[in-house]
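These notes are about the structure you will find just below.
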Amino acid sequence: MLVELSIRNFAIIKEVTISFQKGLNILTGETGAGKSIIIDALGLLLGGRASADFVRYGQARAEVEGLFELPAGHPALAVCESIGVQIEQDGMLVVRRDISSQGKSIIRLNGQLITLAMLRELGPWLVTVHGQHDTHMLMQADKHINWLDAYGEQALGAAKQEYSKLYASYRRTKQDLEHMARNDRELAQRIDLLQYQLNEIEAASLTPGEDEKLAQQRKKWMNIEKVYASIQDAYRSLYGDQKGMDWLGHAMSELERVASFDEQLTPIVESVQSAYYQVEDAVHQLRNLSYQMDFDPEQLAEVERRLDQIQTLKRKYGKNVDDILEYAATIQDELDDMHHYEDRLLQVQSRLQELAADLAVEALELSVIRRDCADKLAKEIEQQLKELHMERARFAIDVRQTTDEDGVEIEGVRRHIDANGMDQVEFLISPNPGEPLRSLAKIASGGELSRVMLAIKTILAGTDQVETLIFDEVDTGVSGRAAQAIAEKLVRVANKRQVLCITHLPQVASMADAHFLIKKEMSEMETMTRVERLSDDERVIELARMLGGAEVTTKTEEHAREMIMLGRERKAAH
């Protein structure tokens, strides 16, 4: 659960620390006091997007820090372990997020830096936020299947996983078939183009690395005269009367003649001998090279022509000969595929038919399980609505299929399928006796939607492993007895989970285990939000304000005190 939330320099909050407790934590305050800012700050700890707009004006950075207590075996512990964050045996987890005035975000988990992707993997296991957005989602019939599948996750899990694998393979195969099903003219044009390119490359008879070897030859032939002249000069300097070898041989003879008289001369003699024989070998090589250097201008011209031909191919097919040859191999493979196009097309079509048959079986099984879950969920929601003073409302979940000529044949009919299966799900309601079941999105009022949403959340809370639930003004459009019923429903949820609830209803606030007042304070220099936990007497004043508006009277105080007393009695009964 969320033990403590600290916020500094966030929007109009200068510094706030809130210590929450188990059960029902109520947050109230005037409109614009900053209640939504608290939720925004908490959203950052769950992986929300950071923005420089969050940083309080004139400050370098905003800081949000949350302390969570996780029971043994909680899924969040496994997530922490998978991302390399150690949790002590007490199960305490500190999530901290700093946002600079440039919008950069730093995230730490128990002091260890983590990425936003890691936080987004962990966040959903720490807190679940239910707000007016959820109520809006009830207005979108295409989202209803997600609510049903969340309820039936345990029953649907294995079937849905198997279906998802098959559906992914089916989609890939279908895309392959669509890609192959190009018209004959485009295919023929592609074959002609590739065949022309392959013929052009093959006609050149390229060898790997040929361009580099030819470049070296060209460099040699273009400088042949300089090379020949230098070889001749070097040869004449080393060989002949009074030349290098002659003097080196004379030095070797003189040293050999006297070496026996002085041992220190022995290594010198050996060095001179070695140098003489090496120079002698070099002279022989220079002589042979000079004999071999027979320059033919036609050879240079042939090298130039070959390099021009390769350069033309480079402009079309690659930066060097190896790239050109690799490209030729690639288009040869593509041509082979095209020449066997009909065979491959039949193979892919056969594979698609096999997958469609398997997919039909899995979709049908998934639909059967989903219908069973829909019946159970509808009954549970109907019961919850009775407890929320919609005693005569009827609720149903319509699970239906639609036909699609391009769909999958299931029991002799081609059905539309998608990632969720072949079912389309829609919530139906009849709020009043004598009225037919109709789409929830079309006929439910704001108050009815709030109660339906709370009913669903109450049911899902029993299957959810998240310890902390936040209800952000889910009681919008509700008053009177329905408001009291919502309050009692929140108390029931709070018996199993920690609940944080932002509300404007005194009926809900009177049931609080901990009541926090959010208020805005303004001076000539600054505006800031404060959060205070209210004492029993302060709770009376706040409830009186919620009952009577700006003016708190003795009667509203008495009424508020009575509501708190009745709230305690009802909580004890639950």
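The values are calculated or read from the model by the stated rules, or taken from the named source; none is laboratory data. The shown structure was predicted, so the numbers you read here are calculated from the model rather than taken from an experiment. All Cβ positions, even for glycine, are placed from backbone atoms using ideal geometry, and neighbour counts span all protein chains on display.
Kindly check whether there is at least one residue in segment 543-554 that is of a type outside the set (Phe, Trp, Tyr), under 14 Å from residue 25 (Cβ atoms) and in a loop (DSSP other than H, G, I, E, B). No, because not a single residue in segment 543-554 is of a type outside the set (Phe, Trp, Tyr), under 14 Å from residue 25 (Cβ atoms) and in a loop (DSSP other than H, G, I, E, B).
The set of residues in segment 386-395 that are crowded, with 20+ Cβ neighbours inside 10 Å and out of contact with any Pro (no Cβ under 9 Å at 6 or more places or on another chain) comprises 388, 395.
Taking the listed residues 178, 186, 254, 263, the one that is more than 46 Å from the chain's Cα centre (by Cα), among the acidic types (Asp, Glu) and either exposed (fewer than 11 other Cβ atoms within 10 Å of the Cβ) or under 30 Å from residue 417 (Cβ atoms) (or both) is 263, with no other qualifying.
Reported count of residues in segment 496-539, each being touching a His at 6+ places or on another chain (Cβ under 9 Å) and surrounded by 14 or more Cβ atoms within 10 Å (Cβ to Cβ), is 5. Residues considered: 471, 427. Of these, the only one that is of a type in the set (Phe, Trp, Tyr) and under 30 Å from residue 158 (Cβ atoms) is 427.
Restricted to segment 519-537, and to residues there that are under 38 Å from the mean Cα position of the chain (by Cα) and basic (Lys, Arg), the residue that is farthest from residue 58 (Cα to Cα) is 519. Could you say whether any residue in segment 401-415 is buried (at least 18 other Cβ atoms within 10 Å of the Cβ), among the basic types (Lys, Arg) and over 15 Å from residue 146 (Cα atoms)? Yes: one or more hits.
Can you report the number of residues in segment 30-39 which are in a loop (DSSP other than H, G, I, E, B) and within 15 Å of residue 7 (Cβ to Cβ)? Matching residues across segment 30-39 total 2.
Taking helices (runs of 4 or more DSSP H) as the structural unit, those lying wholly within segment 419-525 and holding at least 3 residues that are at pLDDT below 85 correspond to 440-443, 446-461, 480-496. Would you check if there is a residue in segment 335-358 being in contact with a strand residue (DSSP E or B) (Cβ under 6 Å, 6 or more places away or on another chain), surrounded by 14 or more Cβ atoms within 10 Å (Cβ to Cβ) and farther than 21 Å from residue 198 by Cα? Yes, segment 335-358 has at least one match. If you filter segment 23-65 down to residues that are among the polar types (S, T, N, Q) and buried (at least 20 other Cβ atoms within 10 Å of the Cβ), you find that the one that is nearest to residue 526 (Cα to Cα) is 28.
Scanning segment 2-29 for residues that are assigned to a strand (DSSP E or B) and over 20 Å from residue 60 (Cα atoms) yields 2, 3, 4, 5, 18, 19, 24, 25, 26, 27, 28.
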